[in-house]
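Notes follow once the structure below has been shown.
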Amino acid sequence: DAGVTQSPTHLIKTRGQQVTLRCSPKSGHDTVSWYQQALGQGPQFIFQYYEEEERQRGNFPDRFSGHQFPNYSSELNVNALLLGDSALYLCASSFGTAKETQYFGPGTRLLVL
Amino acid sequence: SQQGEEDPQALSIQEGENATMNCSYKTSINNLQWYRQNSGRGLVHLILIRSNEREKHSGRLRVTLDTSKKSSSLLITASRAADTASYFCATTGGGSYIPTFGRGTSLIVHP
């Protein structure tokens with residue numbers, strides 16, 4: 001049973017660039033949520049996708065956008081990168097949106113220089 | 001913003017000892033969860049306790065919830081070096097199923 005997978009594991013970008021992170025949910029799951037975790041902090045909710053639509057969004061600017069594909073996998077895009085976007089980006093999946101317990105992937109570590 | 005606040009921020013103990021971490025939150029909740037994170041990697045779900053429950057056990061883990069004090073505690077008994085990790089509490093409520101995480105407690109268990 002495949003768990004949540006994310007790619008790439010690490011990424012280095014410069015300010016102003018754009019980045020795309022990818023996530024495949026756990027087998028049987030159809031809902032994907034994205035979180036940003038800064039060093040020494042807890043994960044902060046970015047947004048959630050279900051049925052290829054953004055269902056809920058946290059307090060993040062429009063530079064953060066996403067997409068969900070028919071196979072339930074998802075992408076997180078961040079435009080005009082800032083130094084403060086450096087963080088661990090976590091993807092979590094569940095079956096349906098009304099599920100409090102989420103299964104997390106290993107994360108993508110993004111460093112913006 | 002973060003709903004839960006864990007205490008202490010860091011905890012260092014010897015193998016075999018018990019580790020207790022606390023979580024306080026501000027608004028009413030439907031449930032509270034505890035997650036573990038090893039070395040800045042993905043989070044692993046440990047246990048969920050609902051607002052109408054007071055205590056829950058899972059192996060060496062014991063979680064209590066006091067809704068009148070808006071607090072929860074996680075007890076790890078007979079700790080092992082492999083328990084070294086960061087532990088986060090996460091709450092859901094207000095009609096949302098999205099968990100809101102605290103800043104976490106960093107636990108180091110010395111062999």
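Report the net charge of residues surrounding residue A:64, where surrounding means a beta-carbon distance below 12 angstrom and charges are Lys +1, Arg +1, Asp -1, Glu -1. Working shown, then result.
Working: positive: A:57, A:63; negative: A:54, A:62, A:75, A:85.
Counting the neighbours of residue A:64, the net charge comes to -2.
Taking the alpha-carbon distance from residue B:26 and a cut-off under 12 Å, which aspartates and glutamates remain once sequence neighbours fewer than 8 residues away in the same chain are dropped?
B:5
Could you line up A:111, B:61, B:32 from fewest to most neighbouring Cβ atoms inside 10 Å? Write out the running numbers ahead of the final one.
Working: A:111 13, B:61 16, B:32 30.
Starting with the residue having the fewest Cβ neighbours, the order is A:111, B:61, B:32.
Find the Rg to Rh ratio for the stretch A:5-112, where Rh is the Kirkwood radius over alpha-carbon pairs and Rg uses the same atoms.
Values: Rg = 12.8 Å, Rh = 13.7 Å.
Here the Rg-to-Rh quotient is 0.94.
So what's the projected area for the protein assembly as shown, the Cα convex hull averaged over all directions, in nm²?
Numbers: hull surface 48.9 nm².
Mean projected area for the protein assembly as shown: 12.2 nm², to one decimal.
Given a cut-off of 22 Å, what percent of all Cα-Cα pairs of the stretch B:5-110 lie beyond it? Please list the in-between numbers first.
Details: 1349 of 5565 pairs.
Considering the stretch B:5-110, 24 percent of its Cα-Cα pairs are separated by more than 22 Å.
What is the Cα centroid distance between the stretch B:51-96 and the stretch A:1-63, reported in whole angstrom?
25 Å
A short reminder: the numbers here are calculations on the coordinates, not readings from a lab. All figures in this text were calculated on a predicted structure; none of them were measured in a lab. Methodologically, a virtual Cβ is constructed for each residue, glycine included, from the backbone with ideal geometry; neighbour enumeration extends over all protein chains shown.
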